[in-house]
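Data first, discussion second: the structure below is written as structure tokens.
Laboratory data are not the source of any read-out in this text; all were calculated from the coordinates shown. None of these values were measured; they are calculated from a predicted model. For neighbour counting, all protein chains shown are included, and Cβ atoms are generated from backbone atoms with ideal geometry for every residue, glycine included.
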Amino acid sequence: MTNWVDCTTLDQCPPGSSVEKVVNGRIVALYNVDGQIHALDGICPHQGGPLGQGQLVGNVVTCPWHGWQFDVLTGRTEVNPRICQAVLPVRIDGDDVLISLKDGMP
């Protein structure tokens, strides 16, 4: 079952930016790539760095702690294709950005 949760507003995530939010106790990283909002689990799998505070260049975010990079469209890293960050579905409702959290997700 899908649970759409209000996360932020469009003005809080302008094009080219990344934003970190806590939604239902979960850290979520939001990115605006050319006017499209994308969301990833906000905790870097390397050592728990804050992906929502990373630098976004094109569609690649760099973790500010140790430089791990992820494609925000797919969650994949170029270093190891087996490592994939969880991508969260996004829906826009007016100016509100909603993300989908599935039941049972941490």
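Tabulated values for the structure
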{"read-out": "Net length gained if the chain between GLU78 and ASP95 were fully extended (0.36 nm per residue, minus Cα distance)", "value": "2.8 nm"}
{"read-out": "Net lengthening on full extension, LYS102/ILE27 (0.36 nm per residue, minus Cα-Cα)", "value": "25.5 nm"}
{"read-out": "Three-way shape label, region 1-51, alpha-carbon gyration tensor, a/c 1.5", "value": "oblate"}
{"read-out": "Radius 12 Å from Cβ of ASP96, net charge of other residues (Lys, Arg +1; Asp, Glu -1)", "value": "-3"}
{"read-out": "Sorted largest first, extent of region 19-85 alpha carbons per principal axis (Å)", "value": "29, 27, 19"}
{"read-out": "Lys, Arg +1 and Asp, Glu -1 on Cβ, resulting dipole of region 2-102 about Cα centre, debye, nearest 20", "value": "420"}
